[in-house]
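Inspection log for the structure reproduced underneath, given as structure tokens.
Quick note: the coordinates plus some simple rules give every number you see, no bench work behind them. Nothing here was measured: the structure is a model prediction, and the numbers come from that model. Cβ atoms come from the backbone with ideal geometry, glycine included; neighbour counts cover every protein chain shown.
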Amino acid sequence: MAADGDGTVGKALDVLDRVAAAGRPVRFTELLSGSDYPKATLYRLLQTLVRQGMLSHEPADGTYALGVRLVRLAHVAWRQASLAPIARPHLDRLAAALGETVHLAQLDNGQVLYVDKRNATRPVAMFSEAGKVGPAYCTGIGKAMLAFLHEDERQRAMALQSFHRFTPATLTTIPALAGELALIRARGHAFDDEEHEPGIICVAVPVLNGAGRVLGGLSVTSTTARSTLADLARHAPALAGTARAIAEAAEAWRFPEAPSAREDAACRA
């Protein structure tokens, strides 16, 4: 639910998030059952969002879906604030050289937002797809980004994790995650050792700008059926080189940075 201080705009965005999370057209009764808003408030928010083109409403079955205006804004945001457009040629070269699945992601409210992906020569079914949001604490790419956040940002991002044991290898506490992140900072790259999906492993590095701020993350993913972590570790230098190339391209493009927690607090003051 939106924070009280965010007012109507925060509530409307919360409703948009709920419709998007459903992954399909959703009925009013479904939204109401999972909402903290009174029926009249939720209805009013939905009607406003429909009028503004942020949602569409299908009278025949009473469902709501993301609207054309929101899709248009999303495309603009993807071009302006996503690493994907400038990283594309670098991902293409890396994927062609390694033959494995390559992911590009950014942090979104402490979670992993996959913004681009290149499939392996022999594709493997897995959770990640461009546009999907996944957990940061149990994915290699998420841990790589968390590890290199500035201290205040890292503490805030760790507090946002909703720990769930996906596999026997999943880290499920903040102390365990903090210890892992310290190892990643010392080593320079992260691993996913079947922590999110059984049989799926990866090596990942952060994409850092010249000031050391995390712009995103880059990973190479394979399966335990055809690779080991040691095999993937050999790709770390190529990953790091590609991450530097993406960061340099982002600097030249003046990639917009998310404010730090300190900067965000100052803006709100």
Between the Cα axis of helix 7-22 and the main Cα principal axis of the chain, the angle (0 to 90°, nearest 10) is 60
For residue 143, counting only lysines whose alpha-carbon sits under 23 Å away and dropping same-chain residues fewer than eight positions off, the answer is 117, 132
Fewest-first ordering of 184, 141, 86 by Cβ atoms within 10 Å yields 86, 184, 141
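Using a 10 Å cut-off on Cβ atoms, rank the peptides 46-54, 27-35 from the highest mean neighbour count down. Could you put the intermediate results ahead of the total?
On the way: 46-54: 15.8, 27-35: 13.7.
Packing order, densest peptide first, comes out as 46-54, 27-35.
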So, with points 7 Å from each Cα along the Cβ direction, the residue 183-residue 133 label distance in nm works out to 2.9
Per-residue Cβ contact counts at 10 Å, fewest first, order 132, 143 as 132, 143
With Cα springs under 10 Å, the Gaussian network model of the chain assigns the largest mean-square fluctuation among 159, 20, 95 to 20
Full extension between residue 209 and residue 33 adds, at 0.36 nm per residue less the Cα distance, a length in nm of 59.0 nm
In nm, the gap between the two label points placed 7 Å beyond Cα toward Cβ at residue 231 and residue 169 is 1.3
Rounded to 0.05, the calculated FRET efficiency for the beta carbons of residue 43 and residue 74 at R₀ = 30 Å is 0.75
For residue 11, the lysines lying under 22 Å Cα to Cα, once residues fewer than eight places off in the same chain are dropped, come out as 39
The local net charge around residue 182, scoring Lys/Arg +1 and Asp/Glu -1 for residues other than residue 182 whose Cβ lies under 13 Å from its Cβ, equals +2
Candidates 124, 102, 19; GNM for the chain (alpha-carbon contacts under 10 Å) flags as most fluctuating 19
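Once you order the gyration tensor axes a ≥ b ≥ c over the Cα atoms, which shape class does the stretch 4-72 get: rounded for a/c under 1.5, otherwise prolate or oblate by comparing a/b with b/c?
Working: a/c = 1.57, a/b = 1.18, b/c = 1.32.
Cα axes put the stretch 4-72 in the oblate bin.
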Any GluC sites (Glu not before Pro) in the stretch 126-229 that lie in a DSSP loop and have at most 15 other Cβ atoms within 10 Å would be 129
Exposure proxy check on 139, 41, 242: fewest-to-most Cβ neighbours within 10 Å is 41, 242, 139
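Return the Rg/Rh value of the chain, two decimal places, where both radii are evaluated on C-alpha atoms and Rh is the Kirkwood radius.
Checking Rg against Rh, the ratio lands at 0.99.
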For the residue 96, residue 248 Cβ pair and Förster radius 25 Å, calculated FRET efficiency rounded to 0.05 is 0.80
